[in-house]
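To start, the structure itself, in structure tokens.
The values are calculated or read from the model by the stated rules, or taken from the named source; none is laboratory data. Model, not experiment: these values are computed from the prediction. All Cβ positions, glycine included, derive from the backbone under ideal geometry; neighbour counts span all protein chains shown.
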Amino acid sequence: MIHPTADVSPQAKIGFGVRIWHQSQVREEAEIGDNCIISKNVYIDKGVKIGQNSKIQNNCSLYHGSVLENGVFIGPHCVLTNDKNPRAINADGSLKTDSDWEEGKILIKEGASLGARVVVLPGINIGQFAMIGAGSVITKDVPDFGLVYGNPARLMGFVCKCGKKISKQFEEKRSGEWCEKCVEKGK
């Protein structure tokens, strides 16, 4: 379902069961996998790739060079940037164009979750099932299952696939990506 106020390029590839809400824009050559939700007022730039079962919350901007694997959650008001040296003009005062800059890519791996108002700088990889705290600025790669937050974000521990923080005691003896409760449940 695509809301009538959404602006979706005919050159975009939209998967089965995708829902695109009010006033969102999906540019040419963007690819959105099956069963994704693109919430209100989201901007998806040209060539952005989003894996299936992902959810992009209200007012996010995903600029070209961004790749999201399956099951990624992007909280409201997040920005995935792509310019390492942003400027409007060149040294001679002329307006910059696409040929004047080098695109920085972002990869967000399967199951990762970004809280509200996260900013991801160009050239960053975010690991599988990593959890990024609200308001964080990501300036370095995040490991699989890493829990990071702050400005700049720092590694504060690890999380389970279910999203719960893994205690220090359990983390030392864990043999995988599960918390104590999931292990008890036989996951």
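Just a few scattered comments:
The rows are residues; the columns are (1) assigned to a loop (DSSP other than H, G, I, E, B); (2) touching a strand residue (DSSP E or B) at 6+ places or on another chain (Cβ under 7 Å); (3) more than 30 Å from residue 162 (Cβ to Cβ); (4) in contact (Cβ under 8 Å) with a residue 24 or more places away in the chain.
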{"site": "5", "(1), (2), (3), (4)": "yes, no, yes, no"}
{"site": "17", "(1), (2), (3), (4)": "yes, no, no, no"}
{"site": "23", "(1), (2), (3), (4)": "yes, no, yes, no"}
{"site": "28", "(1), (2), (3), (4)": "yes, no, yes, no"}
{"site": "52", "(1), (2), (3), (4)": "yes, no, no, yes"}
{"site": "71", "(1), (2), (3), (4)": "yes, no, no, yes"}
{"site": "77", "(1), (2), (3), (4)": "yes, no, no, yes"}
{"site": "99", "(1), (2), (3), (4)": "no, no, yes, no"}
{"site": "110", "(1), (2), (3), (4)": "yes, no, no, yes"}
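- Filtered residues of the stretch 112-147 (kept if more than 23 Å from residue 59 (Cβ to Cβ) and part of a strand (DSSP E or B)): 125, 146, 147
- Every residue from the stretch 88-113 that is farther than 30 Å from residue 127 by Cβ and surrounded by 11 or more Cβ atoms within 10 Å (Cβ to Cβ): 90, 96, 100
- Every listed requirement among (1) within 18 Å of the chain's Cα centre (by Cα); (2) within 23 Å of residue 105 (Cβ to Cβ) is met by residue 35 save one, (2).
- The one condition in (1) under 14 Å from the mean Cα position of the chain (by Cα); (2) at pLDDT 95 or above; (3) buried (at least 20 other Cβ atoms within 10 Å of the Cβ) that residue 82 fails to fulfil: (2)
- The residues of the stretch 85-104 that are within 20 Å of the chain's Cα centre (by Cα) and of a type outside the set (D, E, K, R) amount to a single one, 104.
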